[in-house]
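Values in this text are rule-based calculations from the coordinates and carry no lab data. Computed from a predicted model, the values in this text were never measured in an experiment. Heads up, the Cβs are rebuilt from the backbone with ideal geometry, glycines too, and the neighbour counts pull from every protein chain shown.
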Amino acid sequence: MTRARPGPGARAAARALTDTFRQHVAQTSADPLGIVVARARGSWIVDVHGRRYLDLLSGMGVSNLGHGNAAVRRACRAQLDRYLHVMVYGEFVLAAQVQLADQLTTLAGHPFEQAYFTNSGAEAIEGALKTARKHTKRAGLVAFDLGFHGDTLGALSLGGNPRYRDPFLPLLPHTTILPWCDAEALRGIDRRTAAVVIEPVQAEGGVRTADPAFLRLLRDRCTQVGALLIFDEVVTGLGRTGTLFAFEQSGIRPDLLVLAKALGGGLPLGAFLGSRTVLGTLARNPPLGHVTTFGGHPLSCAAAVAALEVLTSRRLVARAAARGRTFLAGLQQLQQAHPVIRAVRGVGLLLAIEFRSPRATRRFAAACLARGLILNWTLHRDTVVRLAPPLTISPAEIRHALDALDSALRSLRTST
Ligand SMILES: Cc1ncc(COP(=O)(O)O)c(C=O)c1O
């Protein structure tokens with residue numbers, strides 16, 4: 001790994017910036033990664049000291065095209081020159097937004113006829129929950145153990161880890177958390193249930209893939225009792241699991257599909273898709289009952305249209321499936337060589353290494369960072385490290401990652 005040598009002035013400036021970050025940017029933990037970013041391109045992030053990091057997280061599943069994709073930057077520049085914000089969501093006809101809705105609904109197919117655009121994943125989840133409640137005229141909301149749907153109050157009410165819910169109680173009433181992939185527990189979904197929310201592959205829950213047979217039973221149960229099935233594809237959407245949407249691998253279709261993260265090509269954007277009948281509930285009784293100022297911002301939508309075009313023209317979805325298989329095979333070899341690893345798993349380029357203890361997991365993540373790899377453990381499973389590199393990661397970069405992972409694992413044996 002090459003390092004440019006920053007002068008003492010540059011080092012002092014970086015220290016001062018970090019101090020101000022600590023002082024004036026509200027912190028989300030006591031130990032942020034704290035890399036002082038200078039630039040990012042492709043699979044790599046470069047800090048102000050010239051140190052290069054291979055990004056195995058893609059900014060938590062956002063940078064599916066790699067950092068700084070040229071087509072996305074061009075589309076943003078063109079949109080910047082046309083107009084930025086002109087009106088709150090839903091009033092004016094904005095070409096990039098219309099184009100994106102048209103493309104997404106075509107790609108997602110039945111029953112998705114409309115997209116409601118938001119700024120983030122959690123906001124899209126909130127919108128989907130409100131839609132379900134109003135459409136069904138029911139209150140009940142159901143989600144699953146270890147699920148993660150965002151940190152706004154409604155989304156957090158469906159979070160599957162009490163450690164993160166309890167400090168914010170009381171949350172939404174009429175919510176039920178069911179055990180993961182337990183067919184018997186589906187009896188907990190009944191005629192009081194407005195919606196059931198599930199991630200087809202739980203990301204923060206330790207990269208757990210829902211059993212397709214369970215998803216079919218879940219679909220049947222929702223249909224039987226008239227509850228809407230919501231797939232949270234904030235992480236899995238847009239190719240990460242080797243199909244454009246993960247629901248394609250399950251053989252079933254949800255009623256509402258929630259997207260965010262990679263959708264905006266690196267800009268903030270979320271969406272929930274559904275049929276005209278279901279989403280139509282937001283437009284009446286009362287009209288303007290669910291609005292957003294910045295949702296579907298023209299700049300984000302222009303970036304998203306360009307990102308979708310890159311995804312399809314470069315066949316990145318099929319590539320994610322193939323590169324995912326290569327990466328997983330490499331992880332399986334590491335598991336054989338290093339007994340500290342309990343399991344490896346994943347689908348497409350959403351992969352996981354499970355360790356035998358949280359301590360081993362933390363030491364491994366630190367050893368990886370020291371070797372220039374960006375990764376981290378999952379929020380709801382502190383023994384699982386998630387790998388979600390850009391879908392553009394090259395075979396050479398996968399080899400580089402596996403060598404560095406191997407070196408980090410070896411270091412766990414020698415250090416105490
Ligand atoms: C599965 C899932 N749903 C929803 C969200 C919330 O998205 P956002 O952080 O954009 O609000 C996240 C965020 O990590 C997520 O992983």
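In degrees from 0 to 90, rounded to the nearest 10, what is the angle of the helix 8-24 Cα long axis to the longest principal axis of the chain? Roughly 30 degrees between the two axes. Against the chain, whose longest principal axis is taken from its Cα atoms, helix 395-414 shows a tilt of about 70°. The C-alpha atoms of the chain define a longest principal axis, and helix 70-82 lies at about 60 degrees to it. Centre-to-centre, using Cα atoms only, segment 255-272 and segment 98-137 are separated by 9 Å.
Sorted from fewest to most neighbouring beta carbons within 10 Å, what does the list 44, 377 look like?
Values: 44 18, 377 22.
Ranked by crowding around the Cβ, least crowded first: 44, 377.
For the chain, what is the relative contact order in percent, using Cα pairs closer than 8 Å and at least 6 residues apart in sequence? Here the relative contact order equals 21 percent.
If you put +1 on each Lys and Arg Cβ and -1 on each Asp and Glu Cβ, how big is the dipole of segment 70-313 around its Cα centre, in Debye rounded to 20?
420 debye
All other residues with a Cβ under 10 Å from the Cβ of residue 261 taken together, and with Lys, Arg as +1 and Asp, Glu as -1, what is their net charge? Result for the neighbourhood of residue 261: 0.
For the peptides 313-320, 62-69, 329-336, 29-36, what is the packing order when you average, over each peptide's residues, the other Cβ atoms within 10 Å and list the highest mean first?
On the way: 313-320: 17.8, 62-69: 23.4, 329-336: 15.0, 29-36: 10.0.
Put in order of decreasing packing, that is 62-69, 313-320, 329-336, 29-36.
Using Cβ point charges alone (K and R +1, D and E -1), the dipole size of the chain about the Cα centre works out to roughly 940 debye. Ranked by the mean number of other Cβ atoms within 10 Å of their residues, highest first, the peptides 387-394, 101-108 fall in the order 387-394, 101-108. Listed values for segment 46-55 are Karplus-derived 3J(HN,Hα) couplings in whole Hz (6.51 cos²θ - 1.76 cosθ + 1.60, θ = phi - 60°), namely 10, 8, 5, 8, x, 7, 9, 10, 7, 8, and x replaces Gly and Pro. Would you mind pulling out the separation of the Cα centroids of segment 70-89 and segment 1-57, in Å? Here the two parts' Cα centres lie 28 Å apart.
I need the shape label for segment 144-277. Rule: rounded when a/c is under 1.5, else prolate if a/b > b/c, else oblate, with a, b, c from the alpha carbon gyration tensor. Present the calculation step by step, with values, prior to reporting the outcome.
Details: a/c = 1.42, a/b = 1.08, b/c = 1.32.
It is rounded, given that a/c, with a ≥ b ≥ c, falls under 1.5.
Averaging Cα coordinates gives a centre for segment 177-227 and one for segment 347-416; these two points are 30 Å apart.
For a protection proxy built on the mean count of beta-carbon atoms within 10 angstrom, sort 50-56, 187-193, 238-244 highest first, please.
With the highest mean Cβ count within 10 Å placed first, the list reads 238-244, 50-56, 187-193.
If we count every other residue with Cβ under 9 angstrom of residue 186's Cβ, Lys/Arg +1 and Asp/Glu -1, where does the sum land?
Working: positive: 187, 221; negative: 182, 184, 220.
Once positives and negatives cancel, what remains is -1.
Add -39500 (n - 2.57) for each DSSP H run of 4 or more in the chain, then divide by its residues: what number comes out at 222 nm, to the nearest 500 deg cm²/dmol?
Values: 13 runs with 162 residues, N = 416.
When only DSSP H runs of four or more count, the value is -12000 deg cm²/dmol.
Sort segment 196-345 into rounded, prolate or oblate with this rule: let a ≥ b ≥ c be the square roots of the eigenvalues of the Cα gyration tensor; rounded if a/c is under 1.5, and if a/c is not under 1.5, prolate when a/b is larger than b/c, oblate otherwise. Could the numbers behind the result be given before it?
Details: a/c = 2.41, a/b = 1.43, b/c = 1.69.
Judged from the Cα gyration tensor, segment 196-345 comes out oblate (a/c at least 1.5, b/c at or above a/b).
Counting other Cβ atoms within 10 Å, keep those with at most 11, restrict to DSSP loop, and tell me which trypsin sites (Lys or Arg not before Pro) in segment 64-173 are left.
Working: sites: 73, 74, 77, 82, 130, 133, 134, 137, 138, 163, 165; in loops: 137, 138.
Qualifying residues, ordered by number: 137.
For segment 372-382, putting each phi into the Karplus relation 6.51 cos²θ - 1.76 cosθ + 1.60 with θ = phi - 60° gives couplings of x, 10, 9, 7, 7, 7, 7, 4, 9, 9, 7 Hz, in residue order, rounded to whole numbers and with x for Gly and Pro.
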